[in-house]
1. Give the stretch 112-145 a look and list any residue that's outside any loop (DSSP other than H, G, I, E, B), crowded, with 21+ Cβ neighbours inside 10 Å and at pLDDT 95 or above, or say none.
2. If I ask for residues that are in contact with a Ser or Thr (Cβ under 8 Å, 6 or more places away or on another chain) and of a type in the set (A, V, I, L, M), which ones from the stretch 100-114 would you list?
3. Look through 138, 176, 147 and report the one residue that is hydrophobic (A, V, I, L, M, F, W, C) and within 16 Å of the chain's Cα centre (by Cα).
4. Please enumerate the residues belonging to the stretch 70-109 that are over 13 Å from residue 60 (Cβ atoms), in a strand (DSSP E or B) and among the aliphatic types (A, V, I, L, M).
5. Could you say whether any residue in the stretch 67-77 is touching an Asp or Glu at 6+ places or on another chain (Cβ under 9 Å), buried (at least 20 other Cβ atoms within 10 Å of the Cβ) and within 20 Å of residue 161 (Cβ to Cβ)?
6. Determine whether residue 150 is in contact (Cβ under 8 Å) with a residue 40 or more places away in the chain, assigned to a helix (DSSP H, G or I) and polar (S, T, N, Q).
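The values are calculated or read from the model by the stated rules, or taken from the named source; none is laboratory data. Small disclaimer: the values here were computed from a predicted structure and weren't measured. Quick reminder, even Gly has a Cβ in these numbers, built from the backbone with ideal geometry, and neighbours come from all protein chains shown.
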Amino acid sequence: MIATISMALIVGAAAGARFSESRAERVSTPVKASAVGGTARSSLVAAPTPARRQMPIPVRISIPEIGVNARIVRLGLNADHTIQVPKNVANAGWFQPGPEPGERGAAVVVGHLDSRAGPGVFYRLHQLPVGALIKVTVQGGRTVRFVARSMIRVPKSRFPTKNVYLHTGPPALRLVTCAGKLNWATGHHRDNYIVFATLAR
């Protein structure tokens, strides 16, 4: 059976040098808000969880065009249905209840924009050009290759949940980070930056 869950996606800057784990944003808003958080949290409708896994899990992401070569950690849900976040801003995080890279539907990989300690893994994501190659290494050493097709910057209040979380259709990849100036007092960015990529042929 396919379930729908409410959650928050947390990406972007950390409010402290250690990512401010004590104040990780875990406040859910109504599901219909379809917002996504930066260091802040917002509520999303999670894509249906597949009944079976068809691909190995991702362990590393490489985006040569913007100098990304990072470990991928698995992200689940907190008790309040918000997404867990990478504790290390140098790591990217894969939303494990969603598809694996290369499986049907869209795999979602999130990364921090910045922190008090410096840039996060997706600090230069906004510089990624259309046509750029994105390589995801999965367990066992196989590399799944994607091509960036489009990018958007959207207010978190208008996060395009239905276009990001997909469990049907051809294999695809979504990269998500925060955008806009960070309010250090609140730890919030105003916008999200999203890259839409398709499987390379």
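1. 125, 134, 136, 144
2. From the stretch 100-114, those in contact with a Ser or Thr (Cβ under 8 Å, 6 or more places away or on another chain) are 104-105, 110-113; that's our starting set.
Passing the criteria: 110, 113.
3. Numbers: 138 fails: within 16 Å of the chain's Cα centre (by Cα); 147 fails: within 16 Å of the chain's Cα centre (by Cα).
176 is the lone residue from the list that is hydrophobic (A, V, I, L, M, F, W, C) and within 16 Å of the chain's Cα centre (by Cα).
4. Listed by number, the residues that qualify are 75, 77, 83, 106, 107, 108.
5. First pass over the stretch 67-77, keeping only residues touching an Asp or Glu at 6+ places or on another chain (Cβ under 9 Å): none.
No, there is no match, as no residue in the stretch 67-77 is touching an Asp or Glu at 6+ places or on another chain (Cβ under 9 Å), buried (at least 20 other Cβ atoms within 10 Å of the Cβ) and within 20 Å of residue 161 (Cβ to Cβ).
6. Values: in contact (Cβ under 8 Å) with a residue 40 or more places away in the chain: yes; assigned to a helix (DSSP H, G or I): no; polar (S, T, N, Q): yes.
Taking the combined requirement at face value, the residue does not satisfy it.
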